[in-house]
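Here's the structure, in C-alpha cells; my notes come after.
Bear in mind that the values in this text are calculations on the coordinates, not laboratory data. For clarity, every value in this text was computed on a predicted model and none was experimentally measured. All Cβ positions, glycine included, derive from the backbone under ideal geometry; neighbour counts span all protein chains shown.
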Amino acid sequence: MVDFGGWDMPVHYGSQIEEHHAVRRNAGVFDVSHMCVIDLTGEHVRDLLRSLLANDVEKLRIPGKALYSCLLNESGGVLDDLIVYHFTEEFFRLIVNAGTRDKDLAWIRPRAAERGVAVAERIDLAILAVQGPASRTIVETLLPREAEGRSAVMKLAPFSGRVHGKWFIARTGYTGEDGFEIVLPATEAEATWIALNERGVASCGLGARDTLRLEAGMNLYGNDMDESTNPLESGLGWTVAFEPEGREFIGRKALEAIRDRGNLRRFVGLLLEDRGVLRSHQKVIVEGVGEGEITSGTFSPSLQKSIALARVPAGTGDRVLVDIRGKLAPARVVRPPFVRNGKSLIS
C-alpha cells in the first residue's frame, strides 16, 4: 500500500506481472474510487463547459456520450485531464484525477457560480474499472437478466455510458483493452468487487495500471503533462478544439500563440534497443539537435522491452540516446500506442 493523492492505494495484490497479463488476456478490476466525480447541473452548464474545457462539449448531444479533455489555465498549462459525460442539457458529469481534485474544484466553483451552475462533489460514489477481453461477458452476469436496459448496456459504443439502476456504466478505461468503468454507490463496491473475483476477474493495483496505460500510450497527469506544459507538446493536440473560431475557452489565446510560433517539441514513444529500464526524468539526447526528457518509462510485460513516453526537440529523427545512470543507451523513436487489445503495434 502507498499514498496516492492522499489515498491509501495498493501497488499490487500479489504479482504485478500476473495482474498485467490478466487484463491483457482475460479481465482485471481496479478500484479507482480515488478519482473525483463532479456533477454539474443548471441551465447554463453547457456554456460553462465550453468555456472551461479545451475540447468542445458541443460534440456531446447524445445522452451518455463522453469526451476526453484538458482543463487549462490562462497560459495554456494543463491543470488536469478529465472525462466529461453528457446526461441532459442541464446535467453533465466530470471525472477528474485524485491529486488535483481540490485544485479542480477551486477552479470550477467560482466560474460555475457566475453562471448559476451547481457543483456537487459525489463522495458517496465509488468507481470500479473492469478491463480486459472477457470483461463485457463477465459484467453482463452482474446485471439482472430481466432488468430494462441490460442489453443496451452491453451494446454501448466506446466512450459512451448508461444509467442502470443506481449504477452508471461507461465503456471507457485506461488500459488499451475493452471494458467498463462502473460508477456505483460506495456501499455496493465491496460486494461487487467480490462478485467479480468469484467470476474470475483478477484484483489489480497501481503497478499494473501504470504498465498497461503506458503500453496503451496514455498520459498520466503529473508525469506526462502538468501546469508547466501544454497539450500541443504532450501528444494531446487532438483534444484541443480550435473550431469554431468564436468559442473562447480558457487558455485558447496562449495555445494559439504557441501553435503559431511553431517549432513545437514532439511527444513520442521510445523503444530501448539495449539492456536497461527507461524511467521518468532520464535525459534524451538527440545528436546535432538538442535534448529532451522521458516523462514516463517502464519495462513492458507484453513486449518484454523497455518503453517510454518522452518530450523531445522538434527536429528529432528516428533514433536517440538515453542517459541511463551515466551510460548512453540507443532507443528507437516510435509512435504510441505500443500495445492495444492484447496486440503489439510496434514492428
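Under the convention that each Lys and Arg Cβ holds +1 and each Asp and Glu Cβ holds -1, the size of the dipole of segment 2-215 around its Cα centre is about 620 debye. Residue exposure proxy: 291, 248, 188, ordered by other Cβ atoms within 10 angstrom of their Cβ from fewest to most, comes out as 248, 291, 188.
Look at 247, 311, 115 and count the other Cβ atoms within 10 Å of each Cβ; fewest to most, that gives 247, 115, 311. Charging the Cβ of each Asp and Glu at -1 and of each Lys and Arg at +1, and nothing else, the dipole of segment 169-247 about its Cα centre rounds to 200 debye. Here segment 265-344 is treated with +1 on each Lys and Arg Cβ and -1 on each Asp and Glu Cβ, and its dipole about the Cα centre works out to around 260 debye. Highest-first packing order for the peptide set 71-79, 175-183, 326-334 is 175-183, 71-79, 326-334, based on the mean count of other beta carbon atoms within 10 Å. In the chain, helical runs assigned H by DSSP with n ≥ 4 each contribute -39500 (n - 2.57); averaged across all residues and rounded to the nearest 500, the mean residue ellipticity at 222 nm is -6000 deg cm²/dmol. Peptides 12-20, 254-262 ordered by packing proxy, namely the average of other Cβ atoms within 10 Å per residue, highest first: 12-20, 254-262. Spatial offset of segment 114-189 relative to segment 329-347 amounts to 30 Å, using the alpha carbon center of each. Projecting the Cα atoms of 303, 36, 138 onto the charge dipole of the chain (Cβ charges, centred on the Cα centre) puts 303 farthest toward the positive pole. Summary of packing: across the peptides 315-324, 31-40, the per-residue average of other C-beta atoms within 10 Å ranks them, highest first, as 31-40, 315-324.
For segment 265-344, relative contact order (Cα pairs under 8 Å, six or more residues apart, normalised by length) works out to 37 percent.
Fraction of C-alpha pairs exceeding 19 angstrom in segment 265-344: 26 percent, rounded to a whole number.
For segment 45-61, the residues whose backbone nitrogen is under 19 Å from a point 7 Å from the Cα of residue 254, taken along Cα to Cβ, are 49-56. Here the average projected area of the convex hull drawn through the C-alpha atoms of segment 135-178 stands at 3.1 nm². Positive-end ranking of 201, 7, 161 along the dipole of the chain, with charges on Cβ about the Cα centre, is headed by 201.
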